[in-house]
Amino acid sequence: MKVCIVGASGKLGRYMVDHALNRSYEVVGVCREQSVGKLDAFKGRITIFRGPTNNREVIKKAVADCDGVLTVLVPWGRSQYATGTAQAVLDLARPGARLIFSCGWHISRDGLDKFSSTLKWQERAARWIGFLTRLIDIDDQIEACRRVFASETRWTVVRGSDLEEGESQGLPVWSRHVGDPILKSNITRRIDFALFMVEALKNDDLIHEAPAIVGCQTPSALARAATRQR
Ligand SMILES: NC(=O)c1ccc[n+]([C@@H]2O[C@H](COP(=O)([O-])OP(=O)(O)OC[C@H]3O[C@@H](n4cnc5c(N)ncnc54)[C@H](OP(=O)(O)O)[C@@H]3O)[C@@H](O)[C@H]2O)c1
């Protein structure tokens, strides 16, 4: 299995590199020139393509011959960075490749998610802060995911809850819709978000799904497991 990790130098990206190497996958990473040093721990074990993740020439070379592409979609800047990244991967990955994208719960595939007032408030605040500072563009990440949802590629969009650091607790559980009580705890270890992304490469049940995930050891996940055992 050869996989490309687009956005490999970030926190999520580095966890994904680690999980992929642990499975003996051949790993290719794309990261910005100034961030190459963040991948020093993997020197000699992965191939790095340097450049912005929305650079089509870089993506074209990086995803060539890859069976899977794991893409960190980030709403940085005001120049359609997330959309450009997603579109490049959708257009240039080899036909039939498994494509896994990361985002947050704020993305909705079918409009049936039930967001808490806190989540709605956080999204509104992020949109305004992004607009005023020009640092982030939530609507760009939404557009990037809309394009993925509309594509006929073999995609999965993994929607992360709030994140925390710490040792792995195991594969997160998921639901199709935010608002499902199983997700109530709204916390996932970042290392396990990465685990879910990498495991999704081989889980065809997740093709054309947008799972909203939560840690498997959180109270809401454990409560659901206990109900099922009764
Ligand atoms: N943070 C959360 O609480 C949270 C919650 C739910 C879902 N998520 C999702 O999880 C994924 C990873 O997010 P994360 O917050 O954990 O961050 P992360 O893993 O550290 O990744 C951040 C990414 O953004 C890149 N980046 C940083 N500044 C940039 C800039 N100015 N221009 C272009 N790229 C830039 C980083 O590249 P460099 O290494 O080159 O800087 C890295 O690839 C995202 O898809 C996010 O939507 C995050």
(message) I'd like to know if the stretch 62-69 contains one or more residues that are closer than 28 Å to Trp128 by Cβ, in a strand (DSSP E or B) and either at pLDDT 95 or above or under 19 Å from the mean Cα position of the chain (by Cα) (or both).
(response) no
(request) Working only within the stretch 76-123, note down all residues that are in a helix (DSSP H, G or I) and more than 16 Å from the chain's Cα centre (by Cα). (result) Asp91, Leu92, Ser117, Thr118, Leu119, Lys120, Trp121, Gln122, Glu123
(request) Return a yes/no flag: does the stretch 33-49 have any residue that is polar (S, T, N, Q) and within 16 Å of the chain's Cα centre (by Cα). (result) no
(request) Return yes when Leu112 is more than 14 Å from the ligand (Cβ to nearest atom), closer than 26 Å to Gly68 by Cα and touching a residue at least 60 places away in the same chain (Cβ under 8 Å) and no when it is not. (result) no
(request) Being of a type in the set (Gly, Ala, Ser) and under 19 Å from the mean Cα position of the chain (by Cα) is the filter here, so list the residues in the stretch 1-32 that pass it. (result) Gly7, Ala8, Ser9, Gly10, Gly13, Ala20, Gly29
(message) Based on this model, can you work out whether Ala62 counts as buried (at least 20 other Cβ atoms within 10 Å of the Cβ) and either farther than 21 Å from Leu206 by Cβ or without any contact (Cβ under 8 Å) to a residue 24 or more places away in the chain (or both)?
(response) yes
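Would you confirm whether or not the stretch 72-84 contains a residue that is more than 8 Å from the ligand (Cβ to nearest atom), touching a strand residue (DSSP E or B) at 6+ places or on another chain (Cβ under 7 Å) and at pLDDT 95 or above?
no
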(request) Select from the stretch 1-27 the residues that are surrounded by fewer than 16 Cβ atoms within 10 Å (Cβ to Cβ) and in a loop (DSSP other than H, G, I, E, B) and write down the one among them that is nearest to the ligand (Cβ to nearest atom). (result) Arg23
(request) Scan the stretch 28-48 for residues that are within 18 Å of Asp67 (Cβ to Cβ), aliphatic (A, V, I, L, M) and within 13 Å of the ligand (Cβ to nearest atom) and jot them down. (result) Val30
(message) For a quick check of your reading: which strands (runs of 3 or more DSSP E) sit entirely within the stretch 134-230 and have at least 2 residues that are away from the ligand (no atom under 11 Å from the Cβ)?
(response) 154-160, 173-175
(message) Checking the structure you have, find out if any residue of the stretch 113-125 is closer than 16 Å to Ala212 by Cα and among the hydroxyl-bearing types (Ser, Thr, Tyr).
(response) yes
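For the stretch 52-62, which residues satisfy the criterion of being in contact with a strand residue (DSSP E or B) (Cβ under 7 Å, 6 or more places away or on another chain) and of a type outside the set (Val, Ile, Thr)?
Residues satisfying the conditions are Lys61, Ala62.
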(request) Could you please find all residues in the stretch 177-198 being within 20 Å of Leu70 (Cα to Cα) and touching a residue at least 40 places away in the same chain (Cβ under 8 Å)? (result) Arg190, Ile191, Phe193, Ala194, Leu195, Met197, Val198
(request) Go through the stretch 171-194 and give me each residue that's out of contact with any Leu (no Cβ under 8 Å at 6 or more places or on another chain) and of a type in the set (Gly, Ala, Ser). (result) Gly179, Ser185
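The values are calculated or read from the model by the stated rules, or taken from the named source; none is laboratory data. Computed from a predicted structure; not experimentally measured. No Cβ is skipped: glycine too gets one built from the backbone with ideal geometry, and neighbour counts run over all protein chains shown.
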